[in-house]
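Note sheet for the following structure.
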Amino acid sequence: MSDQPTKKQLQLKMDDEVALGAYSNFQVVGSNETEFVLDFAYVPPQSQVGKVRARLILSPKHAKSLLGLLQQRVGDYESRFGTIPIPSGTFAKGGPGGQLPN
């Protein structure tokens, strides 16, 4: 018999609509002392009007954890497939309700 506690496996359930996902080509991140707000939007080509498809609200600890996870996954991807180029002007400023790029 082992003295180590047994690990419980987390199970996540997902509705069919959520499982389909939502494409996003524009993101806005805002923050205050207690939370980070991530808006994921789609802006059609040649348009100045986009639609927010999802909004996530995270605590600062969860936002930092997400940052680390994304850095790890992007590093894994680039190790396998090569460097991901970032177009100029990719990083937009603003918070929730921020301005779309010109």
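When each of E33, E17 is scored by the number of other beta-carbon atoms lying within 10 Å, the sequence from fewest to most is E33, E17. Residue order for L70, L10, L38, fewest other beta carbons within 10 angstrom first, comes to L10, L70, L38. Where does the charge balance sit around Y42 when Lys and Arg score +1, Asp and Glu -1, over other residues with C-beta under 15 Å from its C-beta? With Lys, Arg at +1 and Asp, Glu at -1, the net is +2.
Normalised Debye scattering of the stretch 22-81 at q = 0.20, 0.22, 0.26 Å⁻¹ gives log10 I(q)/I(0) of -0.87, -0.94, -1.01, counting only Cα atoms as equal scatterers and leaving out solvent.
No lab work stands behind these numbers, since they all come straight from the coordinates. In this text, all values refer to a predicted model and were calculated from it rather than measured experimentally. Virtual Cβ from ideal backbone geometry, glycine too; neighbours counted across all protein chains shown.
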